[in-house]
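Structure record follows, encoded as structure tokens.
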Amino acid sequence: MDFQLSDEQLQLKKTVREFAEREIAPNVMKWDEPGTFPLETIKELGKLGLMGTIFPTEYGGAGMGYVEYVTAIEELSRVDGSVGIIVAAHTSLCSNHIFVAGNEDQRRKYIPQLASGEFIGAWGLTEPGAGSDAGGARCSAVRRRNTWVLNGTKTFITNGHYSDLAVVVAVTDKTAHTHGLSAFVVEKGTKGFRSGKKENKLGLRASDTSELIFEDCEIPAENLLGHEGEGFIDAMKVLDGGRISIAALGLGMAQGAYESALNYSKERKQFGKPISDFQAIAFKLADMATEIDAARLLTHRAAAMKDAGMKTTLESSMAKLYTSEVAVRCANECVQIHGGYGFIKDYPAEKFYRDVKLCTIGEGTSEIQRLVIARQILKD
Amino acid sequence: MEILVCVRRVPDTSENEIQLSSAGNDIERDDLVYSVNEPDNYAVEEAIQIAANAGGNVTVVTVGSEEDEEVLRREMAMGANQGVLLSDDAFAGSDGKGIATILKALVQKGHYDLVLTGTQAEDGGAQVGGMLAALLDYPFASLVNAITVLDGGKLKISREIEGGNREMSEIDLPCVLSIQTGINEPRYVGMRGIRQVASVEIPTFGTSDLGVDPASVGTAGAKVKRTDYFMPVLGKGAEILQGSQEEIIDQLIELMKAKGGLN
């Protein structure tokens, strides 16, 4: 077993950190308050190959795997979780659904544009009345000659407003429940397709979360992604990878919160010495470091298994569940260690505190992860 | 144009808290994060741009150990065409002249029209560029902040001099230039670049390959030896402002007004 990143992976980690520290860190609070989507930065990430890390070079990707991908997401999220989630939703949900379920024409048509960052992607599964119960979707797609006609609303869609194309899961057979769902590619500018309300969020404010609205939106028949009726099954496969992304997102934010708390505890003096000299603070830091390490091992294991072509439903959910809860605990302790300064916006603690909460909710709540894990371990 | 850029791996001051070793003659080097010396990165970017515009080939070189290969790969991923590692036990403990002697041997082994270094190593004293030029009997210009390739084997170079003035010079090739940060905006390394250079073989040359006398380099050849290393005690005359960011800003403005720096 090798617990070290390879030289190449370390190089990638350094490169992404350098970019994040120089190009993202100075803007984090500037973007956060007004909820400014960092479009220019995302385009730059595209040029560096970070919008298509996991796709083969013949499709314009970087030709790397999930271990490299989670390393990049961790480093971006360590500085700004908003950037992390934008890249994650674009890559492992939208682009990867096309890559996994799409036919060769669809891959060739869309992956290069997405991997280069020329196109930003969104992925629409959740609906106002269908969250954890994704099978309860109502957004419909009806076949009309050589087209599909979509009607309905998707909600809480990352990148919704800024996406150039969206992968959308819609009901094609009402009677077949989860086997009656199919996935479609809908391009921006298609008549009857628009983004709706942009959500005003607790955290990850620079990322965009919007509605996608379909009103008699007619798309060519060839935009069906994968087989009719298999949209839900493909979506679950996509989520196996997506959940590794959210684990990486949580991991990066936990690491950022930990480092911020560590540095502050060494600088802040009370009763004549740095507060890190007090065991009450030192033990918090020890717990944070230990939990983050465990979270990283779980995340990297899931990623390495994915790279090895193994099924990761159990491991992805474990990584996602544990890492997101570690992130919430670390951000909480980060604020606590900062004391009063943790409550104001001059220090990064409060933003981590707001941002991490998404991790226990997005791409399946912690409760849903436990359900997935329980089903996996009890199935035999 | 064949361009050689000399680079160095240094402790990354943004990633490390630099502490003195218990012996007191060096910094604590365990667990340090290293990066390419920042000014060298500007030199590599400049070389890549010159090669792209005027045609040519960029080689990056460092004197060090296997671990230093990391910075060569980084610069190759950025766009340098190849890397060379100069490594030998005899090189350890070289002073500035020792490093220049080793590099001189490589320059003479190859045929380079232009040799670039960063202005100085973050843990060094800006010695190597000038010494290398002198040893090679090449013309040298330091603190260069713009380069234009002229016809007839010449470059037009600019350097910033005290007071913000710029001095323009023409310099004959082959030459050595030390490059000032700010000459360009170094590009970030892309994922494809990292992938492409991951398994490229980097040739390593030692004393015998280079024809360098082991006695002239390393500890054996060093006539400058570090005797002490310490952090200066906080002197008088420095005032550290206390309070929240807003309070510190207010105090600073008051101070600047009081001293006549602000009206």
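The values are calculated or read from the model by the stated rules, or taken from the named source; none is laboratory data. Remember, predicted model here, so these are calculated numbers, not experimental data. So basically every Cβ, Gly included, is an ideal-geometry build from the backbone, and we count neighbours across all protein chains shown.
Things to note:
- Against the numbered list (1) among the basic types (K, R); (2) within 10 Å of chain B (Cβ to nearest Cβ); (3) surrounded by 19 or more Cβ atoms within 10 Å (Cβ to Cβ), A:K47 comes up short only at (3).
- Scanning the range B:196-210 for residues that are buried (at least 20 other Cβ atoms within 10 Å of the Cβ) and facing chain A (nearest Cβ under 9 Å) yields a single hit, B:V197.
Yes or no, residue by residue, for (1) surrounded by fewer than 21 Cβ atoms within 10 Å (Cβ to Cβ); (2) of a type in the set (F, W, Y); (3) part of a helix (DSSP H, G or I); (4) modelled with pLDDT of 95 or more:
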{"residue": "A:A176", "(1), (2), (3), (4)": "yes, no, yes, no"}
{"residue": "A:A183", "(1), (2), (3), (4)": "no, no, no, yes"}
{"residue": "A:K197", "(1), (2), (3), (4)": "yes, no, no, no"}
{"residue": "A:L212", "(1), (2), (3), (4)": "no, no, no, yes"}
{"residue": "A:E215", "(1), (2), (3), (4)": "yes, no, no, yes"}
{"residue": "A:G229", "(1), (2), (3), (4)": "yes, no, no, yes"}
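- When the range A:14-25 is limited to residues that are within 10 Å of chain B (Cβ to nearest Cβ) and either within 20 Å of the chain's Cα centre (by Cα) or touching a residue at least 12 places away in the same chain (Cβ under 8 Å) (or both), the one that is surrounded by the most Cβ atoms within 10 Å (Cβ to Cβ) turns out to be A:V16.
- Within the range A:50-80, considering residues that are of a type in the set (S, T, N, Q) and either surrounded by 22 or more Cβ atoms within 10 Å (Cβ to Cβ) or under 18 Å from A:R17 (Cα atoms) (or both), the one farthest from the other protein chains (Cβ to nearest Cβ): A:S77
- Of note, A:V83 satisfies the criterion of being touching a Leu at 6+ places or on another chain (Cβ under 7 Å), in contact (Cβ under 8 Å) with a residue 12 or more places away in the chain, in a helix (DSSP H, G or I) and under 23 Å from A:A247 (Cβ atoms).
- Options A:G49, A:G60: the member that is under 27 Å from A:T312 (Cβ atoms), outside the structural domain of A:F193 (by TED's automatic domain parsing) and touching a Pro at 6+ places or on another chain (Cβ under 9 Å): A:G60
- Scan of the range B:149-196 for residues that are part of a strand (DSSP E or B), closer than 19 Å to B:A52 by Cα and of a type in the set (A, V, I, L, M), ordered by number: B:V149, B:L150, B:L155, B:I157, B:L177, B:I179
- Qualifying residue in the range A:148-158 (condition: under 15 Å from A:S210 (Cα atoms), touching a helix residue (DSSP H, G or I) at 6+ places or on another chain (Cβ under 6 Å) and in a strand (DSSP E or B)): yes
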